[in-house]
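Okay, so here's the structure we're looking at.
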Amino acid sequence: MTAIPIRDFLLLAPEIFLAVAGMAMLVAGSYGRDNGGNGHRGCSVCAVAALAMTGGLVFWLQGGREVPEVILSGMFVLDGYAFFWKILLLIAATLTIFLSERFVAEGGYRPGEYYALILFATTGMLLMVSGFNLLSIWISLELMALSSYILAGYFKHQLKSTEAALKYFVLGALSSGILLYGVSLLYGATGTLELAGLSDALSLAVAAGDGQVLVALGWLLLAMGLFFKVAVVPFHVWTPDVYVGAPTPITSFLAIASKAASFAVLVRIFYQGLAFLTPDWQWLTAALATITMIWGNLAALTQKNVKRMLAYSSIAHAGYVLIGVLTATEDGQWAVLFYLAAYTFITAGAFGTVVLLERRAYAGETYEDYAGLARRAPFLAASMMIFLLALTGIPPTGGFVGKIYLFAAAVEAGWVWVAVVGVLTSAISLYYYMGLIVQMYLKDAEDTTPEPLYAPGLLATVGLCAVITVLLGLLPGPLIELAKGSLLPLP
Amino acid sequence: MANYIPILVFVLVAIGFLIVSLMAARIFRHGGKGGTNADPYECGNEADSLAHDHRFSIRYYLIAVLFVIFDVETIFLFPWAVMFDRLALFGFIEMMVFLAILVVGYVYVWNRGALDWA
């Protein structure tokens, strides 16, 4: 007779609530033969309300914890770290819904399905960042990934979108398989899947001698699966095509929420589960961070399409974040938290601008389409300039502060050469971000250049992101304090 | 670093296996091209029509997918039913939650007309 862990389920109420809200929306949206059109506003309001209520529940039930609490026999953990990510992910999902308004209305899709999928993906992410067992982490990751595959292919009649979904699905399934293979080898070597005991079990297995190869292969495969999810070179090949093919609000969702959640899990697994192997994964991460920063920035140089450029830029930024991960110090860790939080607003704003300028499916995404934007839409151009400056890492923006702290943490921890590569590649990135600013401010528009859309909700979202980006650059203190209060124990 | 030498060997063996098997296939395979080689295989008989002469509704695919879902559901019910008294109330509630989620999916496909055969 198993005792029913009622208290544990109550503590997990935010995630359960969000899943139920998603299902309710799915069913409610399936009534009637009407294909989109009217209900989209109601659905987006409901989705935002569901996310807000989940946020409230997270604050009420999971916030303010000094000591981590492990629930459901070691499946999930509630700590300050998970709390930080959950709030960030809920904000990211809300921003995505704000950006989706026009896409859902124009596409004629059933709004209930679209928002339900976003809610399901968000549920997966929330569970993921709380996961404390390799299997519960893997299942939550799949919940996020499966919903994302469908969302990436949401332009059902566009070849590019179908291609994006297919590539994402095939490579995503492969990487999940690799990740699971690694997990199974680690389980074979140690007999445990719980992050809490994994590190000690690993050291025992290695000390015993016979488990060495299993452990080495296991953690390498596990790390590869995680690196795929955060799109690090050489596991990045899916990123540009998926980011370009997916509908832009979804691209933004993948770039901010999916990436943040995957980084949260990566740091948790490295710091807590693989603590024993710290020098090993530090070297691997340093090598991959270097290749990623160089390749991501060089590849972005040659892009003509803004969405594709932002895709390569997101690869490069994954490299910068890895710098903070590999330090394995407190400074590095809160710099990662701060950077990804700032990156969420910057990237959501940048993709919001793309949404406002693109036309029917994929038109209006090239650099030339941004010519003379400063005269045609001064507010939008100014916001986009702020995002691009922040992505480059120029003050006074959140991107600058985040990069400074990442590089400083690396230098303090003795990884000077990685920080040097980071600074040099940031200088390279100036070229392609500036290219877009030059188009907006110094070039004249042709007659054929598309006019930006007038959508007050979207404009307000972009403006909000711009304001937050600047605020994080001028007053980074509060967010830094918040990040410092949400750290994992060091490996 | 010595721990990682077996991994390197593992990777090299994987690459080597790929190269060797592809080369072996190239050396030993029957060189014939065209003729009956390109025909669809139909249990040794000559094919009397092409695959795209027999179109069938995409609905079969949908029905098959839906069938798999509810089939798997039934498979999950069996072990639960066998262990019913040991899983007790907790198992019962868990299974009801599982079924409720599937019913949501069922209502959804019903409403979207995936079960209409017309």
*Mind checking which pairs have a first residue in segment A:217-229 that is closer than 15 Å to residue A:134 by Cα and within 13 Å of another protein chain (Cβ to nearest Cβ) and a second that is charged (D, E, K, R) and assigned to a helix (DSSP H, G or I), Cβ under 9 Å, 6 or more apart or different chains?*
A:219/A:280; A:220/A:280
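Return yes when residue A:29 is at pLDDT below 85, under 30 Å from residue A:107 (Cβ atoms) and in contact with a helix residue (DSSP H, G or I) (Cβ under 7 Å, 6 or more places away or on another chain) and no when it is not.
yes
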*Test: residue A:337 is part of a helix (DSSP H, G or I) and touching a Ser or Thr at 6+ places or on another chain (Cβ under 8 Å)*: yes
*List pairs: first in segment A:193-204 and without any contact (Cβ under 8 Å) to a residue 40 or more places away in the chain, second outside any helix (DSSP H, G or I) and not aromatic (Phe, Trp, Tyr), Cβ under 7 Å, 6+ apart or cross-chain?*
A:201/A:191; A:201/A:192
_Output for segment B:53-95, where each listed residue is within 13 Å of another protein chain (Cβ to nearest Cβ) and of a type in the set (Gly, Ala, Ser)_ = B:88, B:91
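Got at least one residue in segment A:260-272 being within 16 Å of residue A:422 (Cα to Cα), assigned to a helix (DSSP H, G or I) and hydroxyl-bearing (Ser, Thr, Tyr)? Explain how you work it out, then say what you get.
Residues of segment A:260-272 within 16 Å of residue A:422 (Cα to Cα): none.
No; the residues of segment A:260-272 include none that is within 16 Å of residue A:422 (Cα to Cα), assigned to a helix (DSSP H, G or I) and hydroxyl-bearing (Ser, Thr, Tyr).
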_Which of the numbered conditions does residue A:79 fail, given that it passes all the others? Conditions: (1) within 14 Å of chain B (Cβ to nearest Cβ); (2) within 24 Å of the chain's Cα centre (by Cα); (3) among the acidic types (Asp, Glu)._
(1)
*Hey, residue A:203 within 14 Å of chain B (Cβ to nearest Cβ), assigned to a helix (DSSP H, G or I), surrounded by fewer than 21 Cβ atoms within 10 Å (Cβ to Cβ) and of a type outside the set (D, E, K, R) or not*: yes
*Check off (1) at pLDDT below 80; (2) among the hydrophobic types (A, V, I, L, M, F, W, C); (3) in a helix (DSSP H, G or I) for residue B:64 and give me the number that stays unchecked.*
(1)
*Regarding residue A:10, is this residue surrounded by fewer than 19 Cβ atoms within 10 Å (Cβ to Cβ) and either in a helix (DSSP H, G or I) or within 14 Å of another protein chain (Cβ to nearest Cβ) (or both)?*
yes
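Can you tell me which residues in segment A:413-432 are over 18 Å from residue A:292 (Cα atoms) and either of a type in the set (Val, Ile, Thr) or in contact with a helix residue (DSSP H, G or I) (Cβ under 6 Å, 6 or more places away or on another chain) (or both)? It would help to see each step written out before you state the result.
Residues of segment A:413-432 over 18 Å from residue A:292 (Cα atoms): A:413-414.
Residue satisfying the conditions is A:413 alone.
The values are calculated or read from the model by the stated rules, or taken from the named source; none is laboratory data. Because the structure is predicted, anything quoted here is derived from the model rather than measured. Cβ sites come from the backbone with ideal geometry, for glycine too, and all protein chains shown count toward neighbours.
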